[in-house]
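What follows is a short report on a single structure.
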Amino acid sequence: MKFDERGFALLDLPATAPALRESFHHLEFDKYAGHSRYRRFGQYRMTPAAAGFTLERLPPRPYVAPRELNRLVGGIARNYAPLAADFTGCLRWVAKRIPLDTGVAWQADVHQIRVLATAGKPGIVVPEGPHQDGHEFVFIGVFDRHRVTGGELRLTTLDDRAGKPFFAAVVPAGRGIVLRDGELCHDVTAIEPVGERGWRDTLVVPFTRWPERRGEAESGVREAAGRW
């Protein structure tokens, strides 16, 4: 896979197993992101091996985004329901296409997300607006778009993150994008239902070299109780 000179690449996803598609119907409400998002979360250590990487599921812990990168929920220790589906095959598939450096271990954070839109209430996909995630690479795979419009993915430069996007497109179901997270900002517009109800299902996976991962104890972590 070849990255655009600005730091991103689009790709076609492989066929999705029925069990993985079904698992998006069993996510839990994301209390940190308002009324329209449902999520599960898990982390893996990816250790170099002869055939690529071996994957080890890490014990559950809160997810913390840097305050300086996420002005909405940065610095909050967010506790999400653990993954109930097995996405290790997807991780291996993405790792080969970036491709990740196989000479070092990596941490992969797996965010399984559904954004729901209902009549009169759009689905807010990215409430924090244009942002970076604070990792080396970020994969965003669109697994389903069910009776919705909108959801345009937009990429902007670091020095003009709120300006005109240099890339803007609706990524359809079955396609994904990989970003060099340190080189650009990304955002996604709201979705609207076609009829009474619709949704957008995505898998968002940031990859960080293991020695550079964020630790268990984050500085400046704030409590999230009662935020929403």
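Coordinate-derived values only; no laboratory data. Since the model is a prediction, treat every value here as computed from it, not as a measurement. So basically every Cβ, Gly included, is an ideal-geometry build from the backbone, and we count neighbours across all protein chains shown.
Given the convex hull of the Cα atoms of the stretch 80-128, what is a quarter of its surface area in nm²?
Orientation-averaged projected area of the Cα hull: 5.6 nm².
Please give the net charge around T47, taking every other residue with its beta carbon less than 15 angstrom from that of T47, where Lys and Arg add +1 and Asp and Glu add -1.
Counting the neighbours of T47, the net charge comes to +3.
How much of the DSSP beta bridge set in the chain is antiparallel, as a percent to the nearest 5?
In the chain, approximately 95 percent of DSSP beta bridges are antiparallel ones.
Between V170, V125, V110, find the one with the highest GNM mean-square fluctuation for the chain; connect C-alpha pairs within less than 10 Å.
So, out of V170, V125, V110, the one fluctuating most is V170.
Which value at 222 nm does the chain reach when only helices count, each DSSP H run of 4 or more adding -39,500 (n - 2.57), with the total divided by all residues and rounded to the nearest 500 deg cm²/dmol?
About -2000 deg cm²/dmol.
Beta carbons within 10 angstrom, averaged per residue: use that to sort the peptides 17-23, 152-158, highest first.
For the peptides 17-23, 152-158, the packing ranking is 152-158, 17-23.
Which whole-angstrom value gives the distance between the alpha carbon centres of the stretch 1-70 and the stretch 90-159?
Using only Cα atoms to place each centre, the spacing works out to 8 Å.
If you stretched the chain out fully between D160 and A49, how much longer would it get, using 0.36 nm times the residue separation minus the C-alpha to C-alpha distance?
Gain on stretching D160 to A49: 35.9 nm.
Cross-link candidates for K2: which lysines have Cα within less than 20 Å, leaving aside residues fewer than 8 places away along the same chain?
Here the lysines satisfying the reach criterion relative to K2 are K96.
By a straight-distance test (C-alpha under 19 Å), which lysines pair with K31 as possible cross-link partners, with residues fewer than eight away in the same chain excluded?
K121
Find the Rg to Rh ratio for the chain, where Rh is the Kirkwood radius over alpha-carbon pairs and Rg uses the same atoms.
0.93
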